[in-house]
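The values are calculated or read from the model by the stated rules, or taken from the named source; none is laboratory data. Bear in mind the structure is a predicted one, so any value in this text is a computation, not a measurement. When we count neighbours, we look across all protein chains shown, and the Cβ atoms used for this are built from the backbone with ideal geometry, even at glycine.
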Amino acid sequence: MDVLDPAIAMQIVTRTMSILGHNVNVMNSRGVILGSGDNLRIGAVHEGALLAITQNRVVEITLEVASGLIGVKPGINLPLHYQGKIIGVIGITGEFKEITPYGQLLKMTAEMIVEQANLQDNLQWKNRQKEEFILQLIKGDFSHKPQLIEWAMKLGISLDTPRVAAIIEVIGLNSHSEQSSNGANNLKEILHLLQSPERDNLVAMTSLNQLVILKPAFLDGKQWDPILESTRIDSLLNRLPAHLKECTKIALGHYFPSIEGIAYSYQTAQETLAIGKQVKNEERKYLFEDYSLQVLLSGLKNNWRGDVLCSHYEKLQSLDNKGILRKTLAAYITHFGDLQRCANGLHIHRNTLRYRLDKIQAITRVDIHTLDGLFSLYLGQLIANQ
């Protein structure tokens, strides 16, 4: 992008004309008028500006001089500088004696506008580069690791910092258009909270309603502590504005050492969020440690190993229309095979419980009174219900 473009030029024209009250032209380094109070002059070459550029000096244009030049009116033309280079010219139309006292003031104002605009553009460019870098990390493609390391150095990111992935999701929007407009604004609010105070978080938007955060994993400076992370998440949730408290969910993945482990951490955060919402949708915080078995088993979904594990439980599922046998099996697992406690929990007689357990065994052909048999049905239940 050019340091001085038409948008910045018109911004300069608008601001300086409000100060001076005279027409102002802004030309680029080739003398082409990019912005002017006279729209008809935009796009024309200003010969006075070319002279100011080639000689790097203030050029005074009298009425007599202007008559001999093309596209020039009486006034003064001052070179604009940015980082020691001429980037263009600001021209003020009017009687020389009247406008001269304002020349340096307007030149300084224009150069400040250029610097401010380019600083903002550079910051936005760096933020976009940082987001692209983060997205590359969570994809787990390290086929060009030396380039990735160089990219990190240019962005000032240390790849030696152990990190764990968390996902923030804003939910509960009423329509797609509302999601598009409000979702991004809500995420920006949360992003601001993540940056205050500064905690060396790497943050990127992955969708209209999700952020990924690559957090420093060793909050105590020594080791990974999910309990401390959980406390930190509670603190963030409590800091959220009222309109975001009930529609924001946070999932924390597992910590894996090495830079390659960041992609695995992100994957576990994704799966923890999905399973957490399915099992306990009313919750706002989901930790991998609370759903670790379900997350680890999710990799078996639609896999032949998972199909084998599910097969016995799915037989029960297909023949248990009212769900009574599945409820009985779940209670039996919860009470670790203790018949009396299981019967009490279900509010049924032990004989009724035995009858149901026998029926479960007949359907599944699994001996649920052995650890292997009961555990295989438990795993099958977890996979089938994902």
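Some notes on this structure:
- Looking only at residues of the range 212-232 that are outside any helix (DSSP H, G or I) and acidic (D, E), we find that the one that is surrounded by the fewest Cβ atoms within 10 Å (Cβ to Cβ) is D220.
- Tally of residues being more than 45 Å from the chain's Cα centre (by Cα) and either over 15 Å from G35 (Cα atoms) or free of Cβ contacts under 8 Å to residues at least 24 places away in the same chain (or both) across the range 79-102: 9
- Of the candidates R15, R30, the single residue that is free of Cβ contacts under 8 Å to residues at least 24 places away in the same chain and either of a type outside the set (D, E) or at positive phi (or both) is R30.
- Sole exception among (1) under 19 Å from H369 (Cα atoms); (2) buried (at least 16 other Cβ atoms within 10 Å of the Cβ) for S311, by number: (2)
- When residues of the range 151-168 are limited to those that are touching a residue at least 60 places away in the same chain (Cβ under 8 Å) and small (G, A, S), the one nearest to L137 (Cα to Cα): A165
- Test result for R41, surrounded by fewer than 17 Cβ atoms within 10 Å (Cβ to Cβ) and either outside the structural domain of Y82 (by TED's automatic domain parsing) or out of contact with any Pro (no Cβ under 6 Å at 6 or more places or on another chain) (or both): no
- Restricting L339, L379 to residues that are touching a helix residue (DSSP H, G or I) at 6+ places or on another chain (Cβ under 7 Å), at pLDDT below 95 and farther than 30 Å from L273 by Cα narrows the list to L339.
- Scope the range 67-104; condition out of contact with any Leu (no Cβ under 9 Å at 6 or more places or on another chain), at positive phi and surrounded by fewer than 22 Cβ atoms within 10 Å (Cβ to Cβ); matching residues: G71, Q83, G84
- Top-ranked residue of the range 273-332 - restricted to ones that are more than 39 Å from the chain's Cα centre (by Cα), assigned to a helix (DSSP H, G or I) and free of Cβ contacts under 8 Å to residues at least 24 places away in the same chain, ranked as farthest from E246 (Cα to Cα): S318
- Residues located in the range 262-292, provided they are surrounded by fewer than 21 Cβ atoms within 10 Å (Cβ to Cβ), farther than 24 Å from L191 by Cβ and out of contact with any Pro (no Cβ under 9 Å at 6 or more places or on another chain): Y264, Q278, V279, K280, N281, E282, D290, S292
- Considering the range 190-211, the residues that are among the β-branched types (V, I, T) and outside any helix (DSSP H, G or I) include one that is nearest to K139 (Cα to Cα), namely T206.
- Residue match in the range 242-255 (condition: part of a helix (DSSP H, G or I), within 22 Å of S298 (Cβ to Cβ) and either aliphatic (A, V, I, L, M) or not assigned by TED's automatic domain parsing to the domain that holds N209 (or both)): no
- The range 320-367 - residue that is among the charged types (D, E, K, R) and surrounded by 15 or more Cβ atoms within 10 Å (Cβ to Cβ) and, of those, farthest from L309 (Cα to Cα): R356
Residue by residue, here is whether (1) of a type in the set (D, E, K, R); (2) in a helix (DSSP H, G or I); (3) crowded, with 22+ Cβ neighbours inside 10 Å; (4) assigned by TED's automatic domain parsing to the domain that holds E115 holds:
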position	(1), (2), (3), (4)
M10	no, yes, no, yes
S18	no, yes, no, yes
H22	no, no, no, yes
N25	no, no, yes, yes
R30	yes, no, no, yes
G35	no, no, yes, yes
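- In the range 131-167, of all residues being acidic (D, E) and in a helix (DSSP H, G or I), the one that is surrounded by the most Cβ atoms within 10 Å (Cβ to Cβ) corresponds to E131.
- When I250, I275, I190, I259 are checked against the criterion of being modelled with pLDDT of 90 or more, closer than 30 Å to R128 by Cβ and either of a type outside the set (F, W, Y) or touching a Ser or Thr at 6+ places or on another chain (Cβ under 6 Å) (or both), a single residue qualifies: I250.
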